[in-house]
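Below: one structure, written as structure tokens.
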Amino acid sequence: MADERQAALDKALKKIEKDFGKGSIMRMGDDTKTQILTVPSGSLALDVALGVGGYPRGRIVEIYGPESSGKTTVALHAVAEVQKRGGTAAYIDAENALDPAYATALGVDIDNLLLSQPDTGEQGLQIADALVSSGAVDIVVVDSVAALVPRAEIEGEMGDAHVGLQARLMSQALRKLSGTINKTKTIALFINQIREKVGVMFGNPEVTPGGRALKFYSTIRLEVRRAEQIKNGTDVIGNRTRIKVVKNKVAPPFKKAEVDIMYGHGISQTGELLDMAVEKDIVDKSGSWYSYGEDRIGQGRENAKQYLADHPDMMAEVNRRVRVAYGVADEDETATTAKDTKATDKKADQADSTAKAADKSMVKQTSLDTDTPKDTTPGAKVIQPKTHK
């Protein structure tokens with residue numbers, strides 16, 4: 001009976017593959033591509049919070065939050081990471097607000113960035129579909145969903161009611177895009193704004209535009225909010241930003257990452273590296289002083305950040321050790337970190353041995369001084385005590 005059922009199943013599988021193509025159905029154990037391919041986000045803290053070391057390929061990611069919270073900065077860092085690895089990036093700027101100078105400061109190669117500023121929401125989503133379908137683009141950023149205005153609304157009069165147009169547009173587009181995104185292993189990153197529902201007395205009144213479709217189709221949803229200002233004296237030089245993983249289909253959700261977004265420079269990698277190194281006791285913090293091994297690297301967080309920035313070799317070593325400690329390092333980094341740790345331990349042992357030798361020498365000298373009394377009177381002779389045999 002079992003053999004007959006297995007034969008019938010094999011026959012059905014062969015027919016499905018013949019009708020719909022190879023790979024249309026498979027056993028999970030037979031698939032060698034079950035490992036999740038990722039691209040780093042540009043923030044080590046966010047990579048750890050995402051649980052898989054970055055943004056998963058072939059998935060939809062939504063980044064939302066209040067105005068000027070750092071959403072575009074987070075997206076541009078992802079674009080820069082893709083380009084660093086030889087990939088192709090496309091940016092659909094529906095808000096017409098992309099700053100090329102700022103993008104360049106974040107590491108984006110503007111000359112090779114595909115940029116589109118569509119006139120309507122339909123046009124923007126059709127361009128996104130064409131880019132994804134080509135299979136030659138690694139990441140497509142849509143900035144933002146709220147700015148994807150339907151053609152009927154643009155061609156209509158001010159004050160005309162267009163109930164649910166944008167939600168229907170997004171729902172239709174995502175139904176079409178989701179399968180293509182998965183097949184081509186493209187990262188589709190949608191930036192979204194927030195609105196407030198009127199008349200909500202209990203619960204969170206905030207809602208994202210574009211309906212519910214994007215919430216359902218997104219593998220990862222990130223909420224970006226400003227926590228506090230970073231000041232240099234009285235001047236505000238950046239923001240402390242909190243990123244919360246609201247939804248995650250590839251790892252446990254609700255993890256948080258805190259990063260420093262510095263004006264004109266983007267996410268401060270030294271700041272997040274320092275915080276994570278302190279958390280894992282790789283860098284020691286005593287009072288306001290930070291130290292790494294035998295080196296004191298600064299008094300106060302900003303001075304310690306600057307010290308790491310001025311010493312790239314030490315920063316690279318700390319970075320490797322932090323990645324290994326958080327489980328986001330590859331084999332080469334793990335091996336290198338093991339060597340660094342052994343070298344650090346060897347230096348510490350040598351320092352301990354030197355200190356012990358110095359202590360012994362001091363004790364010996366002290367005993368000699370105690371056994372041999374000295375007279376400080378000028379011209380006085382030192383009489384050695386007699387030894388009785």
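The values are calculated or read from the model by the stated rules, or taken from the named source; none is laboratory data. Computed from a predicted structure; not experimentally measured. Virtual Cβ from ideal backbone geometry, glycine too; neighbours counted across all protein chains shown.
Side notes on the structure shown:
- Just one of the listed residues (Gly29, Gly107) is within 20 Å of Lys183 (Cα to Cα) and surrounded by fewer than 23 Cβ atoms within 10 Å (Cβ to Cβ), and it is Gly29.
- Among the candidates Arg85, Arg151, residue that is surrounded by fewer than 18 Cβ atoms within 10 Å (Cβ to Cβ) and under 17 Å from the mean Cα position of the chain (by Cα): Arg85
- Condition met for Gly51 (closer than 28 Å to Val207 by Cβ, out of contact with any helix residue (DSSP H, G or I) (no Cβ under 8 Å at 6 or more places or on another chain) and of a type in the set (Gly, Ala, Ser)): yes
- Any hit, region 53-66, residues being surrounded by 14 or more Cβ atoms within 10 Å (Cβ to Cβ), acidic (Asp, Glu), assigned by the TED database to the domain that holds Val137 and more than 18 Å from Val224 (Cα to Cα): no
- In region 234-260, the residues that are surrounded by 15 or more Cβ atoms within 10 Å (Cβ to Cβ) and of a type in the set (Ser, Thr, Tyr): Thr241
- Meets criteria (modelled with pLDDT of 95 or more, surrounded by fewer than 21 Cβ atoms within 10 Å (Cβ to Cβ) and among the aromatic types (Phe, Trp, Tyr)) for Tyr102: yes
- Subset of region 241-274 [within 14 Å of Gly70 (Cα to Cα) and within 15 Å of the chain's Cα centre (by Cα)]: Thr241, Arg242, Ile243, Lys244, Ala257, Glu258, Val259, Asp260, Ile261, Gly266, Ile267, Ser268
- Selection status of Phe254, part of a loop (DSSP other than H, G, I, E, B), of a type outside the set (D, E, K, R) and assigned by the TED database to the domain that holds Ile60: yes
- Selection within region 7-59 - closer than 30 Å to Arg240 by Cα and assigned to a helix (DSSP H, G or I): Leu44, Ala45, Leu46, Asp47, Val48, Ala49, Leu50
- Residue selection: Ser144 satisfies the criterion of being surrounded by 23 or more Cβ atoms within 10 Å (Cβ to Cβ), under 26 Å from Lys255 (Cβ atoms), hydroxyl-bearing (Ser, Thr, Tyr) and over 20 Å from the mean Cα position of the chain (by Cα).
- Whichever residue in region 175-227 is assigned to a loop (DSSP other than H, G, I, E, B) and closer than 17 Å to Ser133 by Cβ and, among such residues, is modelled with the lowest pLDDT: Lys185
- Members of region 261-292 found to be surrounded by fewer than 21 Cβ atoms within 10 Å (Cβ to Cβ), assigned to a strand (DSSP E or B) and in contact (Cβ under 8 Å) with a residue 24 or more places away in the chain, listed by number: Met262
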